[in-house]
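What follows is a short report on a single structure.
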Amino acid sequence: MIRNSELHNKEIKKALYLVSTPIGNLGDITLRAIDILKKSDYILCEDTRTSKILLKKYEIKSKLISNHKFNEKKNLLRVIDLLKRGSIVSLISDAGTPCISDPGSILVNECYKENIKVIPLPGPSSVISAVSMSGFSEKFFFYGFFPEKKKKLDDDLENLSKMNSSIVFFVSPKKINKIIPHLKKSFSGRRILICREMTKYFEEFVHTEVNKLNSFNFETRGELTVVISENELNKNNYQILSESDKKLIKDMINKLSIKEISYVLNKEKKVPKKLIYDFCVKLKNEN
C-alpha cells in the first residue's frame, strides 16, 4: 500500500507528479505547479511545442520528454528506470489534468506495480469548470470522447440516457454537427451546455435545450466540452414512453402479464406504472 502526504518544507518527494496545467489562460496555473515543475528533473508532455510556451513563460528549464498516446508504451521502461533512480518526474498534458482522456494511466498503473509514489496536483479541468457553470445536477458522469462507430455511439447514448445525472462529453468542433441528431434522439427534453475555447479570449458558451440545437459553425481549433442535464422528465413529470420503452414492452407483451411488465419497467427504469399499463392495454386491443 502506498501512502502519499504533503511535505511542508522546501524538499519534495521523489515521485511521479501529475501536474494540472491551464486549459487556455496561462495565468490559471497554480504556484505549487510552477514550483514542482521547476524542481522536476524531467517533464513528460504530449507536444513539446505546446508545453514550451507555458514553461518559457514561467522560466521552467527542466528536461522535456515527449510522451503521447503513440509512444507512451515505448517510454514506459525508460521513465520507470528514471523514477527508480530517484529522479523527480512530472507528467503534464497539453491542457488540463493529466490522465483524463489524455495519456498517463499506463505509467500511473506501472508506478503502483513498482511501488513508486504518485502525487497529484489539483488544478484546471474543463470537466469541473463546465459542470460548475452548467446549473445542472452536481452528480455527473464523465464519458469522454464519442466513439467513431455509429452503432457503438447509439448504444452508448441509449445507455447513458437512462442515467439520472449530468453527463459530460468531449467532442471535436468538426464533429459536433454530426453528433447533434444522436443527442436529440437520446436526450430529448434535457438541457445542454456547450463550451468552446474555455478561459481564452474568444471563449463561447451555448446554454439551451437539446431539442433546440441547430448546426454550428465553430472554428476547428481545440475541443468542445459538452454537458447534458439530468433527466428532468423524471422529476414527477414523466409524460411519455420512450421508443426503447415501447419496444421493450412489445417484446414482453406476449410473454408476461401487464402486472409483470409494469414491475420490470418500473423497477429498472422508474417508468410510471400508468403509462406502462395504458400502452399494454393499447397493444392488447390492437391484437
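The values are calculated or read from the model by the stated rules, or taken from the named source; none is laboratory data. Everything numeric here is computed off the predicted structure, so don't read it as measured data. Ideal geometry is used to build each Cβ from the backbone, glycine not excepted, and the neighbour counts take in all protein chains shown.
For the stretch 108-146, a residue qualifies if it is part of a strand (DSSP E or B) and touching a helix residue (DSSP H, G or I) at 6+ places or on another chain (Cβ under 8 Å), and the qualifying residues are V118, L121, F140, F141, F142, Y143. Filtering the stretch 20-47 to residues that are in a helix (DSSP H, G or I) and under 21 Å from the mean Cα position of the chain (by Cα) leaves only D28. Just the residues that are assigned to a helix (DSSP H, G or I), of a type in the set (V, I, T) and buried (at least 17 other Cβ atoms within 10 Å of the Cβ), please, taken from the stretch 48-81. Those that are assigned to a helix (DSSP H, G or I), of a type in the set (V, I, T) and buried (at least 17 other Cβ atoms within 10 Å of the Cβ): V79, I80.
Sort out which residues of the stretch 83-105 are under 18 Å from the mean Cα position of the chain (by Cα) and of a type in the set (A, V, I, L, M), and write them in order of number. Full working, then the answer.
Taking the stretch 83-105 as the starting set, the residues that turn out to be under 18 Å from the mean Cα position of the chain (by Cα) are 92-105.
Those that are under 18 Å from the mean Cα position of the chain (by Cα) and of a type in the set (A, V, I, L, M): I92, A95, I100.
Mind listing just one residue for me: the one in the stretch 216-270 that is modelled with pLDDT of 85 or more and hydroxyl-bearing (S, T, Y) and, of those, surrounded by the most Cβ atoms within 10 Å (Cβ to Cβ)? In this case the residue turns out to be T225. Among the criteria (1) touching a residue at least 12 places away in the same chain (Cβ under 8 Å); (2) over 26 Å from I128 (Cβ atoms), the one R85 does not fulfil is (1).
So if I check each of I167, I180, I194, which one is touching a residue at least 24 places away in the same chain (Cβ under 8 Å) and not in a strand (DSSP E or B)?
Exactly one residue qualifies, and that residue is I180.
Of the residues S262, S244, which single one is in a helix (DSSP H, G or I), over 18 Å from the mean Cα position of the chain (by Cα) and in contact (Cβ under 8 Å) with a residue 60 or more places away in the chain?
Values: S262 fails: in contact (Cβ under 8 Å) with a residue 60 or more places away in the chain.
Exactly one of S262, S244 is in a helix (DSSP H, G or I), over 18 Å from the mean Cα position of the chain (by Cα) and in contact (Cβ under 8 Å) with a residue 60 or more places away in the chain, namely S244.
Please work out which residue is surrounded by the fewest Cβ atoms within 10 Å (Cβ to Cβ), limiting yourself to the stretch 82-107 and to residues that are assigned to a strand (DSSP E or B) and hydrophobic (A, V, I, L, M, F, W, C). Of everything passing the filter in the stretch 82-107, V89 is surrounded by the fewest Cβ atoms within 10 Å (Cβ to Cβ).
Remark: pairs (first residue in the stretch 99-120, free of Cβ contacts under 8 Å to residues at least 12 places away in the same chain; second residue outside any helix (DSSP H, G or I); Cβ separation under 7 Å; 6+ apart in sequence or on different chains) = S105/C99.
When L160 is tested against (1) within 23 Å of S20 (Cα to Cα); (2) of a type outside the set (D, E, K, R); (3) buried (at least 16 other Cβ atoms within 10 Å of the Cβ), just one condition goes unmet, and that condition is (1).
Just to be sure, is L193 in contact with a strand residue (DSSP E or B) (Cβ under 6 Å, 6 or more places away or on another chain) and aliphatic (A, V, I, L, M)?
Values: in contact with a strand residue (DSSP E or B) (Cβ under 6 Å, 6 or more places away or on another chain): yes; aliphatic (A, V, I, L, M): yes.
Yes, satisfied.
Taken over the stretch 85-140, the criterion of being in contact with a strand residue (DSSP E or B) (Cβ under 9 Å, 6 or more places away or on another chain) and polar (S, T, N, Q) is satisfied by S87, S90, S93, T97, S101, S125, S126, S129, S134, S137.
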